[in-house]
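The values are calculated or read from the model by the stated rules, or taken from the named source; none is laboratory data. Note that the structure is predicted; figures quoted are calculated from it, not measured. Here Cβ is always computed from backbone atoms with ideal geometry, including for glycine, and neighbour counts include all displayed protein chains.
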Amino acid sequence: MTAVLEAVPNFSEGRDLERVEALVDTIASFDVEVLDWSADPDHHRSVVTFIGPPQDVEEASCAAALFARDQFDLRQHSGIHPRVGALDVLPFVPVHGLEMADAVLSAHRVGRRIADAGIPVFFYGAAATPQGRGLAALRKGGVERLWNGWPEGRTPDLPPAVTAPHPSAGVTCVGARPVLLAWNVFVAGVDVAQAREIATLIRERDGGYLGLRALGLELATGGRIQISMNLEDHERTPPLVVFDRIRAEIQRRGGRVIETEVIGMMPDTLVLPNSQDRLELPDLGPARVLSHRVAEHVAKRAGGRTETSDIAE
């Protein structure tokens, strides 16, 4: 069976498109397939999604980490998205012919190599010990909170006894996780304080929906307001349920939903009948659907033969 691993690294650079494109080219120079990449100047962040055989995905990830270390400087960085590293987050996702344990092994191998390159590493998700450590706690206060020493209970996993972040690249969070949905809902007629209030109502840590992380943000570009979210379990918490709650809360405050934006690839739960219209999604097409692209990738690797095993959604 063809083994396919997904990596979705997030980098702290979203304004210098020439350097972001060079980063994408660095990743694409390995035997992997880049499915999507995006750069956002307000978040000052770029996200690349690529898949391939585990060893090649690991090699491309290490090269990307070195590129970020040498090209992106957190001392010159400001943006509205929480971040602690030039390569801020590096999750591995088993999408075909692999188990979560395989993704954990990849995370640990790559984490060791990043640490050897001088960048302290925190493991999160299934790669953490014990499993389940989340990103919110690791990134609380941003990289600024780390410059003068590690906060209590927040010491990197690698390298041993490291005392400070890399001077320009900070630290990197390396994890293993299932497919998640990264999405932003743009709204009008409410201010950022109201968007933050709604984010507090819906996110898991404040008693909201299981597996939902949410922030209310104001973008400098055009003064737009968004509710920025990661949904870690889009089957137990359907995106439509979350969206309908957001729309109801926005309308209650006299506003309206304008559009939904998906960062990276779409899980199948977003392409169910009527989902696109109800979510105010633009027509993204099958090229943005993860299961479709994985199936194409597997068929290509298998010489055109279709494998019948399940593909992660």
Requested in this report: List the number of the failed condition for Gln76; all other conditions in (1) out of contact with any Cys (no Cβ under 8 Å at 6 or more places or on another chain); (2) in contact (Cβ under 8 Å) with a residue 12 or more places away in the chain hold.
Outcome: (2)
Query raised in the report: When you scan region 199-224, how many residues do you find that are crowded, with 18+ Cβ neighbours inside 10 Å and in a strand (DSSP E or B)?
Result: 6
Query raised in the report: Any chance region 284-292 includes a residue that's surrounded by 12 or more Cβ atoms within 10 Å (Cβ to Cβ), in a loop (DSSP other than H, G, I, E, B), assigned by TED's automatic domain parsing to the domain that holds His234 and modelled with pLDDT under 90?
Result: yes
Report task. Answer yes if at least one residue in region 34-51 is assigned to a strand (DSSP E or B), surrounded by fewer than 20 Cβ atoms within 10 Å (Cβ to Cβ) and of a type in the set (S, T, N, Q), and no otherwise. Result -> yes
Query raised in the report: In region 119-150, which residue that is surrounded by fewer than 13 Cβ atoms within 10 Å (Cβ to Cβ) and not in a helix (DSSP H, G or I) is modelled with the lowest pLDDT?
Result: Gly132
Query raised in the report: Does Ala115 satisfy being in the same structural domain as Ala63 (by TED's automatic domain parsing) and either modelled with pLDDT of 95 or more or of a type outside the set (A, V, I, L, M, F, W, C) (or both)?
Result: yes
Query raised in the report: Residues in region 228-246: is at least one closer than 24 Å to Gly134 by Cα, β-branched (Val, Ile, Thr) and assigned to a loop (DSSP other than H, G, I, E, B)?
Result: yes
Query raised in the report: Hey, Asp116 hits all of (1) in contact with a Pro (Cβ under 9 Å, 6 or more places away or on another chain); (2) under 30 Å from Ala295 (Cβ atoms) but one; which does it fall short on?
Result: (2)
Report summary line: Screening Val190, Val185 for residues that are in contact (Cβ under 8 Å) with a residue 60 or more places away in the chain, of a type in the set (A, V, I, L, M) and part of a loop (DSSP other than H, G, I, E, B) leaves only Val190
**Report entry** Scope region 169-209; condition closer than 17 Å to Asp233 by Cα and among the hydroxyl-bearing types (Ser, Thr, Tyr); matching residues
**Finding:** Tyr209
